[in-house]
1. Between Arg110 and Thr150, what length comes free when the chain is fully extended (0.36 nm per residue of separation minus the Cα-Cα distance, one decimal in nm)?
2. Among Leu520, Leu54, what's the order by accessible area (1.4 angstrom probe), most exposed first?
3. Checking the cross-link filter: which aspartates and glutamates have an alpha carbon closer than 17 Å to that of Lys136, excluding same-chain neighbours under 8 positions apart?
4. Give the lysines whose C-alpha is closer than 28 Å to that of Lys234, dropping any in the same chain fewer than 8 places away, or say none.
5. Which of the aspartates and glutamates could be linked to Lys511 by a straight reach, that is with a Cα gap under 12 Å, when you skip same-chain ones fewer than 8 residues away?
6. Test of understanding: what is the full-extension gain from Gln204 to Gln452, defined as 0.36 nm times their sequence separation minus their Cα-Cα distance?
7. Count charges around Tyr405 for me, please; just the other residues with Cβ under 12 Å from its Cβ, Lys/Arg as +1, Asp/Glu as -1.
8. With runs of 4+ DSSP H residues as the only contributors, calculate the mean residue ellipticity of the chain at 222 nm using -39,500 (n - 2.57) per run, divided by the residue total and rounded to the nearest 500.
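The values are calculated or read from the model by the stated rules, or taken from the named source; none is laboratory data. The shown structure was predicted, so the numbers you read here are calculated from the model rather than taken from an experiment. Reconstructed Cβ throughout: ideal geometry from the backbone, glycine too, with neighbour counts over all protein chains shown. The accessibility values were calculated without ligands, DNA or RNA, using every heavy atom of the protein model including side chains. Shrake-Rupley method; radii C 1.70, N 1.55, O 1.52, S 1.80 Å.
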Amino acid sequence: MNSQAHLSATTVESTPQPASTKPRQTRSKKVTPPVKKALAIIDTLIIGAGFAGLGSAIRLKQAGLENLLIIERSDRVGGTWRDNTYPGAACDIPSNLYSYSFAQNPNWSRGFSNSSEILGYIHYLVDHFKLSNLIKFNQNVASLSFDEQTGLWTIALIDGEFYQARTVISAAGPLSNFSFPEIAGLESFKGKKIHSANWDHNYQIEGKRVAVIGTGASAIQIIPELVKTAEFVKVFQRTPGWVTPRPDYKTPEWNKIIFRKLPATQTAMRKALYWTHESMALAVIWNSPLTKVAEQLAKSHLKRQVKDVWLRRQLTPDFKIGCKRVLVSNDYYPALQQPNCKLITWPIVKITENGIQTMEGVEHVVDCIVFATGFDVSKSGTPFPITGINNRNLAEEWSRGAQAYKSINVSGFPNLFFTFGPNSGPGHNSALVYMESQIDYAVRVIKTIIDQKIKLLDVKPNIQAEYNQKIQKRLTKTNWNSGCKSWYLTDDGFNSTMYPGFATQYQNQMKNIDFSDYSLVMK
């Protein structure tokens, strides 16, 4: 720990006393503890070394802003793609679209890449843009607090050290924390418990009796892989999802060569994928004639792959497509019909020492339970305490649902920027399209703060309120708010997750920076 001064304890020398008398008490001088110094005072501190954090650093450097630092709680880069290494982990957005437009990769091996290849792309970003010396690992944030007098954020770490920064980008990501679901008897199970976001590769699935709780995006990738080696797999489904075909393919070598030699061809491919996914918004965001078309496509996919009428009925959703996340898979339905796999639709009552008990009274004895139950998405609250002007607590202000201005700034918390903040989630297009717009917006504002020596830039509360009123009004007309229960919504039905529009609309709003929307205080 650095300190400005080292002070040792001293005492006032006592007067010698005769042996026959009681010694007089001595009084110690008050000791001033060492004053902690910031590990560094920098222009921009970025929290998180995943896609958003690294992308932010790249764009800041390209804008000529070099006094920056990335802190990462883990010992490696990668974020969700570092942590999610479960069998079958892959992206459900085409590879050429699930990447940055300013750093396209001509060497994707497949149309939809797996987690290890995406992680390789992330490492490429670090190496190609020379980010290694900007990253500090094993730096777990305990709190953020803003000092209105100095215009600095203090970023305290759990080990007691701290940084100070003029601006902060919180790029922790919405899918960075996980926990086991609250099911009675969870701790009593004597077998193996594995969460999809923390896969134990040392545990041998071969020959084991496995239960999978969940049938969402992770589960439908895990189940086909488990079925290949486990003695049997029981899949516990609460609600079926809409599953559409996955147009995956192996990229031919000639395609990679063309992309390398003629980058414009890859850009054209990316644009074609972008507009294809934009058109899907008309089917999954709003209830339109295309919604029925998309549902029919999913039903045809189900009918083609599942011949048993009763199983098809169990796998058919009773909500509009898009209300929950749309799933893509070619091998999920076939896996469910393997001799060693069974779909269980009875509700879970509790977990026992030996397995899972369902409502009809059956105890399903298993060796291992896989929890494919998703993440602790921060729809309300914050991943760590954030204190703004006048000791305002962001977790308290977000307790009934997170709100921000353009998803990136929050009134009362100056010079702080969020990536994938409130209401910036896509339901139809690549998350990186939205993320790139947020990063470029933040970089332009941060450059203005640094270049013009702005002490404090804070979005006006009325501007933020007006923006969110419009967002929530638009959300009422979307499929996400049409009645189903999903991770998009808080427990009381508030949607602080999704953006109710096209990616093009989101990009256009982020292109425009109106500084009259902010209160500015100069140094």
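1. Details: separation 40, 0.36 × 40 = 14.40 nm, distance 5.05 nm.
Here the segment from Arg110 to Thr150 would lengthen by 9.3 nm.
2. My answer, sorted largest first, is Leu520, Leu54.
3. Within reach: Asp43, Glu66, Glu72, Asp75, Asp127, Asp159, Glu161.
4. Lys190, Lys192, Lys193, Lys208, Lys299, Lys303, Lys307, Lys320, Lys324, Lys342, Lys350, Lys485
5. Reachable aspartates and glutamates: Glu436, Asp440.
6. Numbers: separation 248, 0.36 × 248 = 89.28 nm, distance 5.85 nm.
Length gained, Gln204 through Gln452: 83.4 nm.
7. On the way: positive: Lys406, Lys460, Lys470; negative: Asp458, Glu466, Asp514, Asp517.
Combined, the nearby Lys, Arg, Asp and Glu give -1.
8. It comes out at -8500 deg cm²/dmol, rounded to the nearest 500.
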